[in-house]
Amino acid sequence: MVQRTAEEALVLIRKRLCDPDYIFSVFSDSPDSNYSKLKFIVSSSVTEACNNSILLLGPRGCGKIAVLDLVLEDLLKEYPDMISVIKLNGLLHCDDNCALKEIARQLCIEHELMFSKMASSDDNSQFMIAMLRECGLAHKTVVFVLDEFDLFAQGKQRLLYSLLDAMQSVSSQAVVIGVSCRLDADQLLEKRVRSRFSHRKLLFLPPQKDDLHRLLKHILLLPVDSSLPHDYVTDFNSRISNILADRRFIEITDKLIDSDSTVSNFVRFLFSAVSCIDFKSGYMTLENFKSALSTIQRQPKLDCLKDCSILELYIMVCMKRLEVKEQASYNFNSVMKEYKSIHDSFQTSDIYSRNVCLRAFEHLLDRQLIEFADRGHNQFIEFRSVKLLISPAELHQGLKSNRSCPVILQKLLETNCATI
């Protein structure tokens, strides 16, 4: 009985995690949210019969497309016969001829017309302009969604010019919505295109901690009016609230946010956590979230550190010590001087010849734990500047996980970290 109830709860939470509309609906209640701003701009264009263009900018995984889909879904319900949506993707339709053909195809499907595959690019362009005019006369707004907008800004930008130029007509009625992860996407536009663009921009950023806490409650807390037993729902929600308030859970989410604070990464984390639910007890525990964090945070560098030789570990600790000493640049010779100073200071038994050290240095380059900081291809390896590609925390954790690591190396690194 408990297992069946837990399975039903798991299905409910997974449905929520797979539904972008549900996830981002928690951020749509504020009048200052991007959802409210975007909906106001598009709805104003529909009701006032005016043309508009806007860019949605921000890192990947911040919900640009999800919020846009939520806005369009709501507007299609409010104005079912007044909106027509055309969607293009720069990865598929960055070629102007291909894009115009796709626009013509979608317009034909939307208005139940025959689509000609043999039509030329000019024919498709003229058809698009004529359809914009007809839709304008019928008080119907055509919304063009251009995902990966920066890819459309390459080349001659004929598509963008044709669209925006057609929107200068009084009879047309359209909205162009560009979506891009490049914050300078509008600067890529040619002068003739930029002069016809509205220059409205909405910036999407990863949510703050308070917003993520609201999102956690929104997704994990079960509804009281569901088909699940009332006692189970009450107990489940009480346990979830206790976990969310636990200091150890806050540390887990802080680690997750430090690596990637986007909504999409947070959703993957929650999906992994709910998949670890214990069906015998029927409830989620803190251990579920701990295992989810270790699963979602890929650490290939740590796996490499586990297999490193003692000499390779020495070289990386020496490089980190040079960075702590604020040495702007260093090379193999600098690292060898630091290595020798450690040996002289602590009289360690781990002493190797210069040739052996050079081979270990080259091995670290091959494994991409270090890399050259310059482009001096004609120089010898010993004289080229290098830099370490792992953080102090990763190196410290890697030293701990390496069974053959000398204790002196961990102490040296801990001393360095304490002085940072």
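Quick check on region 307-321. Is at least one of its residues within 30 Å of Val356 (Cβ to Cβ), within 31 Å of the chain's Cα centre (by Cα) and modelled with pLDDT under 85? Looking through region 307-321, at least one residue is within 30 Å of Val356 (Cβ to Cβ), within 31 Å of the chain's Cα centre (by Cα) and modelled with pLDDT under 85. Of all the listed residues (Phe204, Phe144, Phe149), the sole one being within 20 Å of Gln106 (Cβ to Cβ) and touching a Gly at 6+ places or on another chain (Cβ under 6 Å) is Phe149.
Candidates Tyr22, Tyr35: the one that is closer than 23 Å to Thr262 by Cα and either open to solvent by 60 Å² or more (accessible area, probe 1.4 Å) or not assigned by TED's automatic domain parsing to the domain that holds Glu134 (or both) is Tyr22.
Is it fair to say Val2 is farther than 23 Å from Phe144 by Cβ and either open to solvent by 50 Å² or more (accessible area, probe 1.4 Å) or assigned by TED's automatic domain parsing to the domain that holds Leu160 (or both)?
When the stated conditions are applied, Val2 passes them.
When region 79-94 is filtered for residues that are among the charged types (D, E, K, R) and surrounded by fewer than 18 Cβ atoms within 10 Å (Cβ to Cβ), only Asp81 remains. Among the residues making up region 220-256, those that are open to solvent by 70 Å² or more (accessible area, probe 1.4 Å), out of contact with any strand residue (DSSP E or B) (no Cβ under 9 Å at 6 or more places or on another chain) and either aromatic (Phe, Trp, Tyr) or touching a residue at least 24 places away in the same chain (Cβ under 8 Å) (or both) are Ser227, Arg248, Lys255. Being at pLDDT below 90, outside any helix (DSSP H, G or I) and either open to solvent by less than 60 Å² (accessible area, probe 1.4 Å) or of a type in the set (Lys, Arg) (or both) is a description that applies to Lys117. Within the option set Leu395, Leu412, Leu364, being touching a strand residue (DSSP E or B) at 6+ places or on another chain (Cβ under 7 Å) and under 13 Å from Leu313 (Cα atoms) holds for one residue only, Leu364. Listed by first and then second residue, the pairs linking a residue in region 73-89 that is closer than 9 Å to Val145 by Cβ to a residue that is open to solvent by less than 40 Å² (accessible area, probe 1.4 Å) and of a type in the set (Gly, Ala, Ser), with Cβ atoms under 6 Å apart and 6 or more places separating them unless they lie on different chains, are Leu88/Ala99.
When you look at Ser259, is it surrounded by fewer than 16 Cβ atoms within 10 Å (Cβ to Cβ) and farther than 29 Å from Phe204 by Cβ, yes or no? It is false that Ser259 is surrounded by fewer than 16 Cβ atoms within 10 Å (Cβ to Cβ) and farther than 29 Å from Phe204 by Cβ. Checking each residue in region 57-72 for being among the β-branched types (Val, Ile, Thr) and in contact (Cβ under 8 Å) with a residue 60 or more places away in the chain picks out Ile65, Val67. Scanning region 270-306 for residues that are more than 30 Å from Glu371 (Cβ to Cβ), over 23 Å from the mean Cα position of the chain (by Cα) and in a helix (DSSP H, G or I) returns Leu286, Glu287, Asn288. Just checking, which of Gln187, Gln173 is closer than 30 Å to Leu151 by Cβ and touching a helix residue (DSSP H, G or I) at 6+ places or on another chain (Cβ under 8 Å)? Only one candidate passes the filter, namely Gln173. The set of residues from region 216-261 being within 30 Å of Ser391 (Cα to Cα) and within 20 Å of the chain's Cα centre (by Cα) comprises Leu216, Ile252, Thr253, Asp254, Lys255, Leu256, Ile257, Asp258, Ser259, Asp260, Ser261.
Taken over region 340-398, residues that are without any contact (Cβ under 8 Å) to a residue 60 or more places away in the chain, among the hydrophobic types (A, V, I, L, M, F, W, C) and open to solvent by 30 Å² or more (accessible area, probe 1.4 Å) amount to 10.
The values are calculated or read from the model by the stated rules, or taken from the named source; none is laboratory data. From a predicted model like this one, the values you see are computed outputs, not experimental measurements. Positions of Cβ are generated from backbone atoms using ideal geometry, with glycine treated the same way; all protein chains shown enter the neighbour counts. The accessibility values were calculated without ligands, DNA or RNA, using every heavy atom of the protein model including side chains. Shrake-Rupley method; radii C 1.70, N 1.55, O 1.52, S 1.80 Å.
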